[in-house]
Amino acid sequence: VVLFRSAALPPDHWAGLPTLGLGVGTTEPVLEVLDYEKQLCENYLNDILSSTSAGRNIEIQTGSAVGHPVETILEHSNSLEAPLIVMSSHGRDGLGRWLMGSVAEKVARHAECPVMIIRGADEPKGG
């Protein structure tokens with residue numbers, strides 16, 4: 001089992017930050033944001049790992065990336081030749097889904113293996 005989390009940087013993270021070596025200034029603030037987001041991903045996965053693996057004889061690996069979530073999930077699953085991707089849904093619908101898109105839906109459409117989408121803990125039942 002591989003637990004993988006991808007973090008996307010919302011556009012407001014980039015406001016006021018120097019470009020990646022293409023403009024005046026330093027790239028240090030950008031790299032600090034990327035490192036911070038990656039650390040958040042790793043902390044999240046370690047919390048899940050410690051709560052799910054206790055007393056179980058299952059090998060669980062973790063991985064994280066900062067970037068476009070659909071692309072990083074697909075790249076990681078392809079590199080592992082994953083037989084199945086299991087994802088949770090945030091439960092957006094209507095205007096929220098249209099504006100934000102659905103990462104799970106896009107992964108399911110473009111993955112080379114089957115994708116199982118489960119309802120997230122915060123997502124209402126029904127509908």
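Applying the condition of being acidic (Asp, Glu), over 18 Å from residue 8 (Cα atoms) and touching a Ser or Thr at 6+ places or on another chain (Cβ under 9 Å) to segment 94-127 and asking which residue is modelled with the highest pLDDT yields 112.
The condition of being polar (S, T, N, Q) and at pLDDT below 80 holds for only one of 64, 89, 77, 50, that being 89. The listed residues are 21, 55, 25, and the only one of them that is in a loop (DSSP other than H, G, I, E, B), open to solvent by 80 Å² or more (accessible area, probe 1.4 Å), modelled with pLDDT under 85 and farther than 12 Å from residue 3 by Cβ turns out to be 55.
The values are calculated or read from the model by the stated rules, or taken from the named source; none is laboratory data. These figures come from a predicted structure and were not determined experimentally. Cβ coordinates were reconstructed from backbone atoms using ideal geometry, including for glycine residues, and neighbour counts include every protein chain displayed. SASA here: full protein model, heavy atoms, side chains in, ligands and nucleic acids out. Shrake-Rupley method; radii C 1.70, N 1.55, O 1.52, S 1.80 Å.
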